[in-house]
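The values are calculated or read from the model by the stated rules, or taken from the named source; none is laboratory data. Quick caveat, the model's predicted, so the values are computed rather than measured. Cβ placement follows ideal geometry from the backbone for every residue including glycine, while neighbour counts extend to all protein chains displayed. Heavy atoms of the whole protein, side chains included, go into the accessibility calculation; ligands, DNA and RNA do not. Shrake-Rupley method; radii C 1.70, N 1.55, O 1.52, S 1.80 Å.
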Amino acid sequence: MAEVKELVKKLSKKYGKTRENLIPVLQGIVDEENCLSKAAMREVAQEMDISAAEVYGTASFFSFLNTKEDGKYKIRVCKSITCDMKGKQELIKVMEDMLKVKLGETTQGKRFSLLETNCIGLCDKGPAMLINDEFFTELTPEKVREILGDYIRNKY
Amino acid sequence: MTSHKLRKVDVIFSPYSVAPYKILKDTMQRDKNEVIQELIDSGLRGRGGAGFPTGLKWKFAAAEKSDIKYIICNADEGEPGTFKDRKLLVEVPRKVFSGMAICAWVTGSTKGYIYLRREYRYLIPKLKEELALYEKHAKEFDLDFSIEIFLGAGAYVCGEETALIESMEGKRGEPRNKPPYPIQDGFLGKPTIVNNVETFASSTMVFRYGAKEYIKLGTDDQHGSKLFSISGDSPKEGVYELELGMRLDEFAEEFGDGDTKAVQVGGVAGFCIPRKNFKDTIIGEGNTTGGSTMIFNSTRSMYNVLHNYLEFYAEESCGQCTPCRVGTQQLLKGIEAVKNGTKPPQYLDNLIKLSETMKLTSKCGLGQSVTNSFSSIVNNFREEILF
């Protein structure tokens, strides 16, 4: 709790306490804590002098401001039409098998979340996905095995 | 309607042939009114999709009286099939920043933002390097205009300018009623110009070549060149700069795989054109486009395409206004019901009516444009939706 308080204080000092700094502050918390806990949102509300409902209202609108804890590594596979046509479904199957979770779920120990996302602007090199902020393009089942295998073995 | 042969041009992506920010420096020597008039004369229209005349927007904003004005570069590129703004920010960011700075200079703005979509966060380090170079030159030219990056948080609707502004103010990205327009009452209640990345880059090129030269490109209705993001069943996927006003049959011949069944022009918010209409369709005439062009060959099920679009809409509708929130869900359920036989084929006509009602009653472009792709797919590929 004390840590969250410190973090919120630090971020609101860095960006400012007025409402237009809410999203940068929330993003800062997600970067550090991997999600927006209720405690964190309450802290933000207090610090910025707005209601907690307002904070939650904004947070719940955006797909990158998650209010439920999920994996440290968020795999977002593009599901928009051209990536879909080029075989994203097969890629998801491969990753479901490797991670032993279904699409939308998080592995035990909260290391990986397997998610779908709308167009990520890499359509000319589809199918594509993001793992956190890193992007991967022209994916094939083999390529996905290699990339995800590397994460599983080497990134904690 | 006028058209001409498909022609690749090299205006926006032409290399920087002069010292950094020379166009900005040169333009700042001129008379402000003359600069705005040049942009109006160039016929440049917003390149994000809506197509509002850029010169007029700048003129109106310049006339506003305010202690502070904001310039926002809309890099919330979320339309499925669009990736040209990413390429612009990677390859020619100085043209984008120059456009913003010239806009700031003529309108009297001191603060600019690049609203970057969250999915493009990996672009930030390079952009920051480029921004440092810009700041250095701005100082040299004695221009009081700084540019900052505002990172989005993942919402398609925030590409709509008022939703974008709401989100920058720390609120849910729900579009506002218009009027008032952002040029009167935008970010924090101040006059705000929101232009697409490509619009700023193109305006820089107008000032480099002059309106007289620029207007030679394109047709009577649509001037200049435009970036097209081409994806789907094409051996040549990528971003291409084309002169506006070419016919779709030539386009399909150049970029298709020889088996093109339909082309989606303008992204999910645009129209799906079947092969039989390629000859009569001129890209960029009548309807403006953001440049997303997705090509489908004969192996693709148009039911799957439409289903994918509707899922996208149902998810990305902000939920604020009922026609869009409920309409997108009902259209999706509706085509599923027709497909599995629980509703008769005629039900598709009711669904088209519903989409038309959404066009009339939705608050913003998201809900208003669903009917474009919905009607064009259902009308042209009815049998594929049914069977």
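Some observations on this one:
- Filter result for B:G290 (more than 11 Å from chain A (Cβ to nearest Cβ), closer than 29 Å to B:V197 by Cβ, among the small types (G, A, S) and open to solvent by 10 Å² or more (accessible area, probe 1.4 Å)): yes
- When B:S231 is tested against the conditions (1) out of contact with any Phe, Trp or Tyr (no Cβ under 7 Å at 6 or more places or on another chain); (2) at positive phi, the lone failure is (2).
- B:I71 meets each of the listed conditions (1) crowded, with 17+ Cβ neighbours inside 10 Å; (2) more than 14 Å from chain A (Cβ to nearest Cβ); (3) not hydroxyl-bearing (S, T, Y); (4) not in a strand (DSSP E or B) apart from (4).
- Selection count, segment A:104-139, where residues are without any contact (Cβ under 8 Å) to a residue 24 or more places away in the chain and exposed (fewer than 15 other Cβ atoms within 10 Å of the Cβ): 6
- When B:G170 is tested against (1) open to solvent by 20 Å² or more (accessible area, probe 1.4 Å); (2) on the phi > 0 side of the Ramachandran plot, exactly one condition is not met: (1).
- Condition check for B:F83: surrounded by fewer than 24 Cβ atoms within 10 Å (Cβ to Cβ), touching a residue at least 24 places away in the same chain (Cβ under 8 Å) and hydrophobic (A, V, I, L, M, F, W, C): no
- Residue in segment B:299-320 that is away from chain A (no Cβ under 14 Å) and either open to solvent by less than 40 Å² (accessible area, probe 1.4 Å) or in contact with a Gly (Cβ under 8 Å, 6 or more places away or on another chain) (or both) present: no
- Residues in segment A:106-127 include none that are of a type in the set (D, E), out of contact with any Ser or Thr (no Cβ under 8 Å at 6 or more places or on another chain) and in a loop (DSSP other than H, G, I, E, B).
- Of the helices (runs of 4 or more DSSP H) entirely within segment B:191-267, those holding at least 1 residues that are within 14 Å of another protein chain (Cβ to nearest Cβ) and touching a residue at least 60 places away in the same chain (Cβ under 8 Å) occupy B:197-209.
- Residue, nearest to B:L6 (Cα to Cα), within segment B:213-231, restricted to residues that are open to solvent by 20 Å² or more (accessible area, probe 1.4 Å) and touching a helix residue (DSSP H, G or I) at 6+ places or on another chain (Cβ under 8 Å): B:H223
Every residue, every condition in (1) modelled with pLDDT of 95 or more; (2) in a helix (DSSP H, G or I); (3) within 26 Å of the chain's Cα centre (by Cα); (4) closer than 29 Å to A:T58 by Cα, yes or no:
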residue	(1), (2), (3), (4)
B:E311	yes, yes, yes, yes
B:Q320	yes, no, yes, yes
B:C324	yes, yes, yes, yes
B:L331	yes, yes, yes, yes
B:A337	yes, yes, no, no
B:L348	yes, yes, no, no
B:S355	yes, yes, yes, yes
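- Candidate set from segment B:138-155 (those that are within 14 Å of chain A (Cβ to nearest Cβ) and in a strand (DSSP E or B)); member that is most open to solvent (accessible area, probe 1.4 Å): B:E148
- B:R172 being touching a Gly at 6+ places or on another chain (Cβ under 7 Å) and in a loop (DSSP other than H, G, I, E, B): yes
- When A:D97, A:D133 are screened for being more than 10 Å from every other protein chain (Cβ to nearest Cβ), more than 26 Å from B:L310 (Cα to Cα) and acidic (D, E), only A:D97 passes.
- Any chance A:K79 is of a type in the set (K, R), touching a residue at least 12 places away in the same chain (Cβ under 8 Å) and surrounded by fewer than 21 Cβ atoms within 10 Å (Cβ to Cβ): no
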